[in-house]
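Worksheet for the structure shown next.
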Amino acid sequence: MAAVVSLGKKTKITMDQAQLFAGTAVADITPPLEVGLLTSSVNGLYEPFELVRLPLKARILVLKSGAEMVALVSVDLLALNDTSVNGWDRFKAGMSGIVSPDNIILTCTHTHNAPESVALSGLYLTDAYQNWLSKVQSIIKQAISDAFYAIKACMLSLAYNKLNDYSMQRRIKTPDGIVMSDSIQPIDSELFNLEPVDRRVKIMYFNDEKGNGIAAVVQATCHPVHEMCMKHVSSEFPGEMCRELELSPKIGMPLFLNGAAGDINPPTVSMGPSYAHDHGLALASLVRQNQHKDDVDTLAFGTLHSSIQFPVRAGSGVTNKLDAMARFSVVRIGSLAIVFLPGEPFIETALHIEIHSPFANTIVAGYGENNIGYIPTAKALKEGGYEAGPGKWSFMEEGADRLICTEALRLLNKLFNQNKSLKTKRE
C-alpha cells in the first residue's frame, strides 16, 4: 500500500508504508567566542573561547515508515536543560514543523569544549548566549526539514566492534575516598583495567537500495574531555570521527551517540587535541572496516516517549524543578531498539537495561533531551566523589538509577509487545 507525502511546492514522494526511509542533514551551530566554556562546575564559572579548533555541528537523521516519523538530532554540545533553554517544551516546539516536537529526539555528544549550556553558571542569562541559542533552534528546524526532503528507501545493518585503549572506569578508590582518574594521570595498567567499563562500539549502517551509504550511526561510551578546560571550541573525538568519515562519502553521514558515560573517561583528560584526534580516527577506522554486519529487518518501526518528574535533592542549588524532568525515548527498528536516556547515567545502568531488554539488539544512549545531571548508582552515592554531589551537576536522590531502568524497560517491553514475532535475545 502506498502513501503519498505532500511536500508543498516541492516534489511529492510516494512511499511504501512497509518500507523504511532515511534522510540526513548537517548544520553548523558553532557559537561566537564570547559564548564561553565551563571552567568550573563546582564554582559556576565560565570563560570566553579564544578560537575555534573544530566547529560544532548538528547532525540529523530522519526516519520514516508509513505514518511514523522520527528525527534523531545529535548536537555537539555539553548538554541542555529546562533552565538553559528557557523552557524545554517551548524550545522543542520551536524546532518542530515537519516532525512533531515529541518525535524530535535531541541528544548531545557531551563535548566539554562547547558552550556552558546547562545553567551551571550565569552564561545562559547573557544576550550573546540567548541569541546563539535562538539561532541553534532555527538551524535545527531547517536541518530537520532538509533531512526530510532528502529521504530515500533504506536498508539497515548492524555491527559490533571493540575499541581498546581509549576509555576507562574513572572513579578510583583511594584511602582518602573516591577520586577521578584525571587526578592520577598517567594511568597505569592496573587502574586502566578496572571494571565496570564498556568498550564496545555499535555501528548502524543505513544504506540505500544500491548499497550506498545514507548514514552511519556510531554509539560508544566515553566522556569527550581530552581537551577539557582548553579555551577553544571543539567537537572533540566525536567531531574528529565525523570529520574523518566524511572523507569516505560511501559511508554516508556520520552521527555519534554517546553512551552512559557518567563514570567513564579517556585515560588522557585535558592532554590536548592530538589525543582527541587519535581517539576519533580510531573510531572511524572501526566504521570503515565494514565487517561482520548483520542485516536488520526494518518492517517493524515505532517510537515511544515518556517523562517522569524526579524530586530535587536538598542542598544541590537547583531551583527549577523542571530541570529534574526526565524524558525518555525508545525507537524500534525490527529487532533493534535505541534507548535515549536523560542525563549522565553510569555504565551499570546501561548494561542492566541492555541485559533485560526483550529486543535482540539494544543500544543505550545517554545525554538525551532535558539534562538531569549525573545519575549515580546507590553504591556510588554511598562512596561519594564528584559525581555524587550534591550540586547543580548532581541532584538526583538515591534510587533514581533504578527508576531510570524501570521506565526504560517498561517502554522497551511495550514497544516489543506490539510485535511478538521477534527473537527475545541477541545470539
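The values are calculated or read from the model by the stated rules, or taken from the named source; none is laboratory data. From a predicted model like this one, the values you see are computed outputs, not experimental measurements. Here Cβ is always computed from backbone atoms with ideal geometry, including for glycine, and neighbour counts include all displayed protein chains.
A few points about this structure:
- Check on residue 282, touching a Ser or Thr at 6+ places or on another chain (Cβ under 8 Å), under 15 Å from residue 244 (Cβ atoms), surrounded by 15 or more Cβ atoms within 10 Å (Cβ to Cβ) and at pLDDT 95 or above: no
- So residue 350, is it of a type outside the set (Ser, Thr, Tyr) and assigned to a helix (DSSP H, G or I): yes
- Across region 1-58, the qualifying residues are those that are modelled with pLDDT of 95 or more and polar (S, T, N, Q), and the one among them that is farthest from residue 151 (Cα to Cα) is 30.
- Test: residue in region 201-209 that is of a type in the set (Asp, Glu) and either assigned to a strand (DSSP E or B) or in contact with a Ser or Thr (Cβ under 9 Å, 6 or more places away or on another chain) (or both): yes
- Being assigned to a helix (DSSP H, G or I), touching a helix residue (DSSP H, G or I) at 6+ places or on another chain (Cβ under 8 Å) and in contact (Cβ under 8 Å) with a residue 60 or more places away in the chain is a condition met by no residue of region 360-372.
- In region 363-420, the residues that are crowded, with 18+ Cβ neighbours inside 10 Å, of a type in the set (D, E, K, R) and in contact with a Pro (Cβ under 9 Å, 6 or more places away or on another chain): 369, 387, 401
Here is a yes/no grid of residues against (1) closer than 20 Å to residue 393 by Cβ; (2) over 19 Å from the mean Cα position of the chain (by Cα); (3) assigned to a loop (DSSP other than H, G, I, E, B); (4) hydrophobic (A, V, I, L, M, F, W, C):
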| position | (1), (2), (3), (4) |
| --- | --- |
| 25 | no, no, no, yes |
| 35 | yes, yes, yes, yes |
| 55 | no, no, yes, no |
| 79 | yes, no, yes, yes |
| 84 | yes, no, yes, no |
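- Candidates 326, 337, 261, filtered to the one that is touching a Ser or Thr at 6+ places or on another chain (Cβ under 8 Å) and in a loop (DSSP other than H, G, I, E, B): 261
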